[in-house]
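K.L.:
I'd like to ask some things about the structure below.
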Amino acid sequence: MELFHLLKHIFQIIGIVFVLMILIEYFDLKTRGKVRTWLEKGQSRQYLASSLLGASPGCVGAFGAVMLYTHGFLSLGSIVAAMVATSGDGAFVMLAMFPRVAVGLFALLFIIGIFAGFATDKISNKFGIEKCEGCRIKRHFDERGEKEKLTVKHFFKSHVYAHIVKQHLPKIVIWVAGGLFFIQLLNSLIGLESLLQGLPVVTLLIVAVIVGLIPGSSPNIPFVLLFSTGAIPFSVLLANSIVQDGHGLFPLLSFTVRDSVIVKVFNAGFGFFCGLIVAILLGW
């Protein structure tokens, strides 16, 4: 039964990512790059859009941000903003167990995401940290040098099959399936909830950041459950929520491991810093 649930989850994620890739490619071609142009006019737009996508409950918004990033629409800071703002599937558990605090947390993550995106791009520019080259959506031309019309046949043959299916889908399948199987095994071996109880706040913050580095939603659910019982303070839940990105990192890992690591390093720094500030100022 667990295997069936895991396989179902894997196919759901792959299906959502695949559909989002098709939609982004189609709209970019249909609008002749107007969406890209609008986003490139100001990075503040990118931070707002990315944080908004990330702050939406679940992983779909994060998947959308990753697809925009891998197609070259967003800066490195913008994808960091999305991953800071997202809480993955844990958002639904929060809404069920402590809805008012959850909504406040999502709003706080949205704001932190915007500032984190801005800070990331500033730091990246200063130290010469460059994002990977985006997978630009190709516009095809006929023998006369004129752009081919975006017919259904042309789109599915030249864009969906030749680009998305052949170039990206196999790597997405490998990373999503392999990652989720590994996380399932990890969860069965480690009882995180029992290990966390009674630890000092600073230690809890460090553990929350380390666990948040693991891709996937399930390793981070124990922090939600422990907060709901009062076993850990809000600062620890905030730190973990900033660092973790649900399943949102898997599609990015399939495209660029390097950028995924960079995103996680920035998120870990922001998560620990914000969690520590809240713990010092509020005492929780």
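The values are calculated or read from the model by the stated rules, or taken from the named source; none is laboratory data. Nothing here was measured: the structure is a model prediction, and the numbers come from that model. Methodologically, a virtual Cβ is constructed for each residue, glycine included, from the backbone with ideal geometry; neighbour enumeration extends over all protein chains shown. Accessible surface areas use protein heavy atoms only, side chains included; no ligands, DNA or RNA. Shrake-Rupley method; radii C 1.70, N 1.55, O 1.52, S 1.80 Å.
K.L.:
Which far-off residues, 5 or more places away or on another chain, put their amide H under 5 Å from the one on G58, with H placed in the peptide plane?
P.N.:
Here the answer is S87, G88, A91, F92, since their amide H atoms fall under 5 Å of that of G58.
K.L.:
Grab the DSSP H runs of the chain that are 4 residues or longer, score each as -39,500 (n - 2.57), total them, divide by all residues and round the 222 nm result to the nearest 500 deg cm²/dmol.
P.N.:
That comes out to -22500 deg cm²/dmol.
K.L.:
In what order, largest first, do F4, F270 sit by accessible area if the probe radius is 1.4 Å?
P.N.:
F4, F270
K.L.:
For the stretch 210-258, what is the convex hull (Cα atoms) projected area averaged across all directions, in square nanometres?
P.N.:
3.4
K.L.:
Pairing the Cα long axis of helix 76-85 with the longest principal axis of the chain, what angle in degrees results, from 0 to 90 and rounded to the nearest 10?
P.N.:
It works out to around 50 degrees.
K.L.:
For the stretch 255-272, just list the computed ³J(HN,Hα) in residue order, Karplus coefficients 6.51, -1.76 and 1.60, θ = phi - 60°, integers in Hz, with x standing in for Gly and Pro.
P.N.:
Here the 3J(HN,Hα) series is 9, 7, 5, 4, 5, 4, 5, 4, 4, 5, 5, 4, 4, 4, x, 5, x, 5 Hz.
K.L.:
Oh, and also: For Cα Rg over 2.2 N^0.38 Å, which listed value, (i) 1.11; (ii) 1.20; (iii) 1.04, comes from the coordinates shown?
P.N.:
(iii)
K.L.:
Moving on to the next point. Can you pull the accessible area of F92 for me, 1.4 Å probe, Å² to the nearest 10?
P.N.:
110
K.L.:
Could you give the C-alpha radius of gyration of the stretch 26-127 expressed as a fraction of 2.2 N^0.38 Å, taking N as the number of residues it contains?
P.N.:
Ratio of Rg to 2.2 N^0.38 Å for the stretch 26-127: 1.12.
K.L.:
Another one. By how many degrees, 0 to 90 and rounded to 10, does the Cα axis of helix 2-30 deviate from the longest principal axis of the chain?
P.N.:
40
K.L.:
Which FRET efficiency, nearest 0.05, do T203 and R45 yield, Cβ-Cβ r, R0 45 Å?
P.N.:
The calculated FRET efficiency here is 0.70.
K.L.:
Keeping the other protein chains in place, figure out the carbon and sulfur percent of the accessible area of the stretch 203-280, with a 1.4 Å probe.
P.N.:
Answer for the stretch 203-280: carbon and sulfur cover 82 percent of the accessible area.
K.L.:
So which of K8/K157; K8/K131; K131/K171; K41/K153; K41/K126; K131/K157 end up more than 31 Å apart, counting from Cα to Cα?
P.N.:
Going by Cα-Cα distance, K8/K131; K41/K153 fall outside the 31 Å limit.
K.L.:
Looking at the chain, identify the longest residue range that excludes and avoids all GluC sites (Glu not before Pro) in DSSP loops having at most 15 other Cβ atoms within 10 Å.
P.N.:
149-284
K.L.:
Which trypsin sites (Lys or Arg not before Pro) in the stretch 51-137 sit in a loop by DSSP (not H, G, I, E or B) and have at most 11 other Cβ atoms within 10 Å of their own Cβ?
P.N.:
Loop-located and lightly packed - R136.
K.L.:
How many Å² of accessible area per residue for the chain, probe 1.4 Å?
P.N.:
49
K.L.:
In sequence order, what are the phi-derived ³J(HN,Hα) couplings for the stretch 91-106 according to the Karplus relation 6.51 cos²θ - 1.76 cosθ + 1.60 with θ = phi - 60°, rounded to whole Hz, with x for glycine and proline?
P.N.:
Per residue, the Karplus-derived 3J(HN,Hα) values read 4, 5, 5, 4, 4, 7, 9, 8, x, 5, 5, 4, 4, x, 5, 4 Hz.
K.L.:
Next up: Gaussian network model of the chain, Cα springs within a sub-10 Å range: biggest mean-square fluctuation belongs to which of S75, S228, S217?
P.N.:
S228
K.L.:
With all protein chains present, how much of the accessible area of the stretch 1-57 (probe radius 1.4 Å) comes from carbon and sulfur, to the nearest whole percent?
P.N.:
Accessible surface attributable to carbon and sulfur in the stretch 1-57 totals 69 percent.
K.L.:
Calculate how large, on average over all directions, the projected area of the Cα convex hull of the stretch 196-284 is; give the answer in nm² to one decimal.
P.N.:
Computing the convex hull of the Cα atoms and averaging its projections yields 5.1 nm².
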